[in-house]
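One structure is given here, and the rest of the page talks about it.
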4 protein chains.
Amino acid sequence: MTFIERDGNAKTVEAPAGLSVLEIAHRNDIDIEGACEGSLACSTCHVIVDEAWSDRLEETSEDEEDMLDLAFGLTRTSRLGCQIILTEESAVSIYEALKADAATAWDGYVAHPFVRSLADGSLPEACFRHYLKQDYLFLLNYSRAWALAVVKSQEVIDLRQAAASVDLLLNTELALHVKYCAGWGLSEADLAAAPEADANRLYTRFVMDAGLTGDLLDLLVALIPCSLGYAEIGRRLLADPQTRLDGNPYRDWIELYGGQEFQDGAEVARVQLERVAAGRGLVGDPRANPRWPQVLRLFETACRLEIGFWQMGLDAAPA
Amino acid sequence: MTFIERDGNAKTVEAPAGLSVLEIAHRNDIDIEGACEGSLACSTCHVIVDEAWSDRLEETSEDEEDMLDLAFGLTRTSRLGCQIILTEESAVSIYEALKADAATAWDGYVAHPFVRSLADGSLPEACFRHYLKQDYLFLLNYSRAWALAVVKSQEVIDLRQAAASVDLLLNTELALHVKYCAGWGLSEADLAAAPEADANRLYTRFVMDAGLTGDLLDLLVALIPCSLGYAEIGRRLLADPQTRLDGNPYRDWIELYGGQEFQDGAEVARVQLERVAAGRGLVGDPRANPRWPQVLRLFETACRLEIGFWQMGLDAAPA
Amino acid sequence: MTFIERDGNAKTVEAPAGLSVLEIAHRNDIDIEGACEGSLACSTCHVIVDEAWSDRLEETSEDEEDMLDLAFGLTRTSRLGCQIILTEESAVSIYEALKADAATAWDGYVAHPFVRSLADGSLPEACFRHYLKQDYLFLLNYSRAWALAVVKSQEVIDLRQAAASVDLLLNTELALHVKYCAGWGLSEADLAAAPEADANRLYTRFVMDAGLTGDLLDLLVALIPCSLGYAEIGRRLLADPQTRLDGNPYRDWIELYGGQEFQDGAEVARVQLERVAAGRGLVGDPRANPRWPQVLRLFETACRLEIGFWQMGLDAAPA
Amino acid sequence: MTFIERDGNAKTVEAPAGLSVLEIAHRNDIDIEGACEGSLACSTCHVIVDEAWSDRLEETSEDEEDMLDLAFGLTRTSRLGCQIILTEESAVSIYEALKADAATAWDGYVAHPFVRSLADGSLPEACFRHYLKQDYLFLLNYSRAWALAVVKSQEVIDLRQAAASVDLLLNTELALHVKYCAGWGLSEADLAAAPEADANRLYTRFVMDAGLTGDLLDLLVALIPCSLGYAEIGRRLLADPQTRLDGNPYRDWIELYGGQEFQDGAEVARVQLERVAAGRGLVGDPRANPRWPQVLRLFETACRLEIGFWQMGLDAAPA
Ligand code: FES
Ligand code: FES
Ligand code: FES
Ligand code: FES
């Protein structure tokens, strides 16, 4: 990658996939500020992208646009350096590699019969109700696991992103969930009173232990299938012409997880995963790192436990 | 304590100190909702207090007033049941007992020469600057310790209150701190670049270990001297006629910690401490519980480490 | 309880159940040394018991006898003060209270069909083989959980007892297990290669999380059903006339867990539980402590997960 | 090259290129049979290669495979010692790299004035006594940190090695320490009664937090300066002609840490560090791994805290 600095000098440096333009600059002593460290709270990482590349980058998010408006010397190809994550053809995203190598578990999870019956509205209500109650308890423990990610953060950006996830879960998602359940006749007291199912307990305690045993990367790998999988399920169902929305009692659910807000939150987690993996050497070809088998096993197990969670819902069907 | 229920029936129950009226109601199957479990986000715990008692309760906070305004059937002695914490004469608040039994350490902390020289503006700037840099690093690790409190929460209310503390620290306090430091010519990069002083590292790592070793109560006892001590310092300095505000370069600092927002945040933490202690049997006379010596030692050590933190600031004075 | 000191003075003090005579002495400033803090490595806690009481105490263990032989001024009613645990009629052992209040789960565990079919030798070999493989993985994680008890120890005696458990598990039990499995044609490589079953993973991760979330007492309560349950199963089967030993392929297993060495190890853990519970105020009537419901839930859940573990073995039966 | 003999003892010897592992063993009196003297006609030179090295050796020939099949206790990394010929390696030990890059802190630690005054016997007794008391408390917490390494172990070998360290510390070292202190007139009660000094608390709590925050490698890097540093100090002092042994009151101390038993224990920890580092990609050139700066900082901080520990001893000198 070539940087043209303010004084006109060009500097060409290595640009490993998984890093942001800002991070590549910092690794090479190129002077870009980036005061908020990529949390989209400043615009001091403003860069101007070569027109030839401009189209090949992922689209600018709305949040980035808003922040760019505050940048000095805006141009048509202006971007925030912290928001452009490199994904060369030659490089492999760890998330893509995990999905590919755990394809059976991943597919079994995101295309589970529970999901398909949500899509066509055929899921028995008893199953969904059981799922909703367990999901409430899941959210509480899943928040605890993200809090463990705060505990395990060694850099300010990780601290902030993990704390933002806790906040999103406990203040936004949980409230939405409670409100949503009310629409199904379940009060928060009903939710809290349900005994935790084994499939539920197994999943969250596995994630906690992955975090206690390993480092932040191990924990993120175990956390990610939930957020990114739900995002993928929501996106797929909305895009799939076979999905029935009209008159589908589960339409709200589909639109929640397919909606932009949830997609954006998941994307933040994905970028964090790539960044943390890069910081531990799982970049370029993550499969070449000796940690790969262990990391893959965590991801695969989490996917399998998601399957168990769906199955627990289906098994609640009335005889 | 006697409850008059909606249908006019009176029910008299035991009212141990340290519990809220809402908690006492729930323990005795008295029908008060309390949907938000005491986090001041609903007003479903609305109660009407007997006039005779009304004056003897602590004053209503502004937040409670706001929420009360949304309650149905408001009266002059309306209160939110979750905000009235019992403190009979016969009962001892654990916080008061800790301060009393660790009086030397506590006083050495809240009336440290560093504090007194903030109050009269005589503190050398170099000391304050050093303190500011270390406090930035402190906030990061202190947030991690509150995140550990999220991890260690077994009830929804603890989960939420601890998560709110993390959020307050990382999103409000840290930002304020960064902004405030900018006024002293210190950028966030300056703050992040400072090496962590031993007195600083010692304090936060001690708190983390208290949390890992013990339960939520142990952790809260180690966390509390910081929040409640700063609140007490701010309150005292503002109330003390000897404090110089005009032309005092540290006026902002005094007004920040003496201000209502910080006081309210600290109060939430205090109520949480009393509630968690009660849930573990340190209620009534906390000193009678076999855990007392251990819990007191944690509190006292944390106060001593606060003294070490102030002293680290003073020691940065130019020769 | 009345102590007659060396100088002939009598001192009467409260003697809460769950404490040892040595601990009661120390709490009341009575001069008994107890250099090894109850680990049967000194004999400095030597006491002479009143004849009237002598018969009402539990029998002296062989280890205690050996150590007593080294004591100065031995008498017929000599005992080591650290080995006499008070169990007045009026007082309830926390372990007994837990078993009583979780009776359904406890009985379902210790009298599971898997256990009964071990006793009469009717268990299909495939079930036992599957159980053995999973038990190997269980032992590894169960050792990790006892190591967490070391991490969480605040007193030297806890540190030592928990470390002794880790050592017993990893150095004695695991080696025995490996050797024993060899007799069933399973090499250590076979054991290590087996994928961890969900019922297995669920159990140990639940215990780890109980420890991370709570204090040492919470962790011990979650750890104890395994050690004490196996001890009870072994004892019962050996005592039960219906148990078939001759020609029973599972005879070794029964004799291992019913044998004195395992019984003694379990007893150390039981005494530790009572002592740690007493130190947190769950003494006298443990059910009166506000922590009781939470502690009981941990115990009950662990028993249920033991049932799940047996069931996992049964389910491996060939069709 | 390090051999771990059947009884678990580690022995490190020179490994000149061009020799086979079997030849190196024989030159150093290490007990490997090698009946056929390298002609691939026996399998009595069977060795198990450390996983970290396994991949880096030349591939096994078919003849070697055939002969290996006859070996007793075959594992996945089994080889015939006579067939592994050493080649010159450009690889850097992580331990050597850490010492080199943190040279100032390392040297300040292992050649501290406290150490030099132990060597010539000039250290004031008050300093040594203070050091002994603090070291007792240090050992307790340092054991807890090794127990955290058990908790964080993902492989059986790590579990066992970390548990062996806990055992060594709590059962051998602590007992030796207590006995040794008795010779200086300090009872275990004296040791336990001493308040923990800040320099002491800082060190162990830093290590615990390194473990909670990071993975097993981070924890080992923070743990290792203590064991390996003391081993190096003991070795150096014994080898240094300037060290005075005759009539030196600290002779026992020097001989304890310079002695073979302590050296062997430290060597096991060193080999574990290299293996764990290799398993996370810090092998070959550990400095090329993105984790290097973070890992180096942990090591350097631990060395600095060791300096603080010595200094705490010196500062106890009578005025
Ligand atoms: S660094 Fe702040 S927006 Fe990019
Ligand atoms: S319970 Fe919601 S405000 Fe009191
Ligand atoms: S205290 Fe040592 S044997 Fe009782
Ligand atoms: S010495 Fe015989 S095969 Fe190696």
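Derivation of every value follows stated rules applied to the coordinates shown; laboratory data play no part. Everything numeric here is computed off the predicted structure, so don't read it as measured data. Here Cβ is always computed from backbone atoms with ideal geometry, including for glycine, and neighbour counts include all displayed protein chains.
State, as an integer percentage, the relative contact order of the stretch C:75-170 based on alpha-carbon contacts under 8 Å between residues 6 or more apart.
17 percent
Calculate, for residue D:13 and residue A:58, the FRET efficiency according to 1/(1 + (r/R0)^6) with r their C-beta to C-beta distance and R0 60 Å; round to the nearest 0.05.
Working from the Cβ atoms, E equals 0.60.
Based on other C-beta atoms within 10 Å, arrange B:213, B:60 from fewest to most.
Neighbour counts put them in this order, fewest first: B:60, B:213.
Taking beta carbons within 10 Å but only from partner chains, what does the mean come to for residues C:135-147?
Across the residues of C:135-147, the mean count of other-chain Cβ atoms within 10 Å is 4.
Would you work out if the stretch B:122-167 is rounded, prolate or oblate? Take a ≥ b ≥ c from the square roots of the eigenvalues of the alpha-carbon gyration tensor; rounded if a/c is under 1.5, else prolate when a/b is larger than b/c, oblate otherwise.
Judged from the Cα gyration tensor, the stretch B:122-167 comes out prolate (a/c at least 1.5, a/b above b/c).
Kindly express, to the nearest 10 degrees and within the range 0 to 90, the angle between helix B:292-314's C-alpha long axis and the longest C-alpha principal axis of chain B.
30 degrees
Against the longest principal axis of chain C, how steep is helix C:198-213, in degrees 0 to 90 to the nearest 10, with axes from Cα atoms?
It is inclined by approximately 30 degrees.
What distance in nm separates the two pseudo spin-label positions at residue B:6 and residue A:27, each 7 Å out from Cα along the beta-carbon direction?
6.3 nm
I need the phi-derived Karplus couplings for the stretch B:95-100: 6.51 cos²θ - 1.76 cosθ + 1.60, θ = phi - 60°, integer Hz, Gly and Pro marked x.
Using θ = phi - 60°, the values come out as 5, 5, 5, 5, 4, 5 Hz.
With the dipole of the protein assembly as shown worked out from charges on the C-beta (+1 for Lys and Arg, -1 for Asp and Glu) around the Cα centre, which of D:109, A:184, A:139 lies farthest toward the positive end?
Working it through, the farthest residue towards the positive pole turns out to be D:109.
Name the long-range amide H neighbours of residue D:78: under 5 Å, sequence gap of 5 or more, or other chain; modelled H, no Pro or chain starts.
D:49
Neighbouring Cβ atoms within 10 Å as the yardstick, rank B:165, B:93 fewest first. Present the calculation step by step, with values, prior to reporting the outcome.
Details: B:165 24, B:93 19.
Placing the least packed residue first, the sequence is B:93, B:165.
Can you put B:205, A:144 in order of Cβ neighbours within 10 angstrom, beginning with the fewest?
Ascending number of Cβ neighbours within 10 Å: B:205, A:144.
Output, in nm with one decimal and in ascending order, the distances from the residue C:287 label point to the matching label points of the other copies (7 Å from Cα along Cα-to-Cβ).
3.3, 6.1, 6.8
Dimensions of the stretch D:2-83 along principal axes (Cα, Å, largest first)?
30, 27, 27
Dividing the Cα convex hull volume of the stretch C:255-294 by residue count, how many Å³ per residue is that?
Cα-based convex hull of the stretch C:255-294, divided per residue, equals 83 Å³.
Percent of Cα-Cα pairs per 5 Å bin, from 0 to the last occupied bin, for the stretch A:97-182, please list those.
3, 12, 15, 14, 19, 20, 11, 4, 2, 0
Place a +1 charge on the Cβ of each Lys and Arg in the stretch D:215-292 and a -1 charge on the Cβ of each Asp and Glu, then give the dipole magnitude about the Cα centre in debye, rounded to the nearest 20.
The dipole of the stretch D:215-292 has a size of about 260 debye.
Net charge near residue C:281, counting Lys/Arg +1 and Asp/Glu -1 over other residues with Cβ under 9 Å of its Cβ?
+4
Please give the helix A:156-167 orientation as an angle from the longest Cα principal axis of chain A, in degrees from 0 to 90, rounded to the nearest 10.
The angle comes out at about 30 degrees.
Take peptide B:197-208, look around each residue's Cβ out to 10 angstrom, count Cβ atoms belonging to other protein chains, and average those counts.
On the way: counts 0, 9, 2, 0, 6, 8, 3, 3, 11, 9, 2, 7.
Taking the mean over all residues of the peptide, I get 5.
For peptide B:151-160, how many partner chain Cβ atoms fall within 10 Å of a residue's Cβ, on average?
Mean inter-chain Cβ contacts per residue within 10 Å come to 6.
What are the distances, in nm and sorted shortest first, from the label point of residue D:27 to the label points of the same position in each other copy, with each label point placed 7 Å from Cα along the Cα-to-Cβ direction?
Values, ascending and in nm: 4.2, 6.6, 7.6.
If contacts are Cα pairs under 8 angstrom and at least 6 residues apart, what is the relative contact order of the stretch B:220-319 in percent?
Once normalised by length, the contact order is 36 percent.
For the protein assembly as shown, divide the Cα radius of gyration by the Kirkwood radius and give the resulting Rg/Rh value with two decimals.
0.95
May I ask you to compute the full-extension gain from residue B:260 to residue B:172, defined as 0.36 nm times their residue separation minus their alpha-carbon distance, rounded to one decimal in nm?
Here the answer is 30.3 nm.
So if a site counts as exposed when it's one of the chymotrypsin sites (Phe, Trp or Tyr not before Pro), its DSSP state isn't H, G, I, E or B, and it has at most 15 other Cβ atoms within 10 Å, what's the longest stretch of chain D without one? Let's see the in-between values first.
On the way: sites that count: D:72, D:184.
It works out to D:185-319.
In square nanometres and to one decimal, what's the mean projected area of the convex hull around the Cα atoms of the stretch C:94-314?
Details: hull surface 46.0 nm².
Taking the Cα atoms of the stretch C:94-314, their convex hull projects to 11.5 nm² on average.
Would you kindly work out, in nm and rounded to one decimal, the distances from the label point of residue B:125 to those of the same position in each other copy, ordered shortest first, with label points 7 Å along Cα-to-Cβ?
Sorted ascending, the copy-to-copy spacings read 5.4, 7.1, 8.7 nm.
What percent does the relative contact order of chain B come to when contacts are Cα pairs within less than 8 Å and at least six residues apart?
For chain B, the relative contact order is 25 percent.
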